[in-house]
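Undergrad: Dumping the structure here so I can ask a few things about it.
A short reminder: the numbers here are calculations on the coordinates, not readings from a lab. Only a predicted model underlies this, so the values are computations on that prediction, with no experimental measurement involved. FYI the Cβ positions are ideal-geometry reconstructions off the backbone, even for glycines, and counts take in every protein chain you see.
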Amino acid sequence: MHMLLYLYAERMDLQLHQLRALVAVHRTGTFTDAAAEIGVSQAAVSRSVAALEAALGVRVLRRTTRQVSLTTTGARVLTSAQRVLDEVNHLRLIATGPGGELRIGYAWGAFGKHTRTLQRQWSTAHPDLPLVMVQSNTPTAGLSEGIADLAIARKPLADNRFDAAMIGVEARYAAVATDDVLARRRTLRLRDLSRRTVAIDTLTGTTTPELLQSLGAPARIRSTRGVDEWLTLIAAGQAVGMTSEATANQNPRPGVAYRALKDAPPIPVSLVWWSDDPPSQLADLLALACAAFQANKSLPPST
């Protein structure tokens with residue numbers, strides 16, 4: 001399907017900004033938020049989506065007064081549009097060549113409690129190449145968008161364009177409001193979250209509806225977009241959350257208490273990169289990252 005978009009582009013007035021508008025609307029949920037994300041007006045986003053629909057001859061978005069959702073055809077177009085944009089971003093990255101820093105993308109918590117140690121160790125070993133953390137709430141944490149050279153992943157990335165290496169595992173934590181009765185306890189179990197509404201970010205979060213079902217955890221779900229919205233909802237006592245140890249370490253928030261979940265499965269942490277363009281310093285970074293997790297007993301002995 002993604003190849004069809006290339007063919008369409010040759011015969012129709014398909015523009016990259018139209019594809020970007022569609023992806024942004026889907027990712028943010030509204031035309032207003034999409035406009036803010038890509039730095040244009042709401043009217044420009046509306047025109048871009050309308051022009052895309054006119055060029056393709058199909059509806060890609062279903063608009064109501066309350067929400068915007070993909071049509072069945074729109075869902076297929078979205079997948080291909082994202083791949084086209086990814087390839088364009090990757091092409092730009094190849095053309096510009098390596099910069100003066102090594103950029104690591106992450107969605108929620110970077111390397112967690114290991115972040116500062118890793119940056120200092122890297123600075124000692126590579127004083128002329130800063131290790132810079134870049135936050136991006138996308139499935140590839142900025143890698144496919146061309147703003148990161150590598151990405152930190154805490155959920156599987158089923159895309160053969162990328163290679164990955166596991167560097168460690170992290171404990172899973174619950175997040176509750178500080179005035180919640182659960183906040184009085186030092187540790188929690190999954191059953192403690194029963195009859196609660198769980199806030200999840202299905203785009204980049206480590207908690208999914210399927211995981212909750214497999215654990216027998218609460219079925220009531222509140223969707224959020226990104227760590228800030230997730231934390232705000234929890235602080236208000238409107239939901240509880242499940243997340244990685246890294247989130248608890250790097251995202252303290254007034255009104256939110258993090259508590260270790262004793263019986264929840266751990267979260268694997270991996271580094272991801274373009275399979276056809278691995279950074280030349282990849283081996284050094286992998287060695288430092290694995291050593292940091294091993295030093296804190298975060299890596300299984302058999303790994």
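Undergrad: Roughly what % of Cα-Cα distances in the chain sit above 38 Å, to the whole percent?
TA: That fraction is 19 percent.
Undergrad: Also: About its Cα centre, how strong a charge dipole does the stretch 177-226 have in debye, to the nearest 20, once Lys and Arg get +1 and Asp and Glu get -1 at the Cβ?
TA: 220 debye
Undergrad: Can you tell me the Rg and the Dmax, both Å, for the Cα atoms in the stretch 222-286?
TA: Rg, Dmax (Cα atoms, Å): 16.2, 46.
Undergrad: Can you find, among Ala165, Ala291, Trp108, the residue sitting farthest towards the positive end of the charge dipole of the chain, where Lys and Arg contribute +1 and Asp and Glu -1 at Cβ?
TA: Among Ala165, Ala291, Trp108, the one farthest towards the positive end of the dipole of the chain is Trp108.
Undergrad: In Å, the Kirkwood hydrodynamic radius of the stretch 152-283 over pairs of distinct alpha carbons?
TA: Mean inverse Cα-Cα distance, inverted, gives 15.6 Å.
Undergrad: Please give the net charge around Asp201, taking every other residue with its beta carbon less than 12 angstrom from that of Asp201, where Lys and Arg add +1 and Asp and Glu add -1.
TA: Summing Lys and Arg as +1 and Asp and Glu as -1 gives +3.
Undergrad: Give me His26, His114 ranked fewest to most by other Cβ atoms within 10 Å of their Cβ, as a rough exposure proxy.
TA: Ranked by crowding around the Cβ, least crowded first: His26, His114.
Undergrad: For the chain, what does -39500 (n - 2.57) per DSSP helix run (n ≥ 4), summed and divided by total residues, give at 222 nm, in deg cm²/dmol to the nearest 500?
TA: Estimated from H runs of four or more residues: -12000 deg cm²/dmol.
Undergrad: Anything in the chain that counts as a DSSP H helix reaching 30 Å or more along its axis (C-alpha) with Kyte-Doolittle mean of at least -1.0? List them, would you?
TA: Answer set is 72-96.
Undergrad: Just how large is the dipole of the chain about the Cα centre, in debye to the nearest 20, putting +1 at every Lys and Arg Cβ and -1 at every Asp and Glu Cβ?
TA: Rounded to the nearest 20 debye, it is 1360 debye.
Undergrad: Can I ask one more? Net charge around Pro130, counting only other residues with Cβ within less than 10 Å of its Cβ (Lys, Arg = +1; Asp, Glu = -1)?
TA: -1
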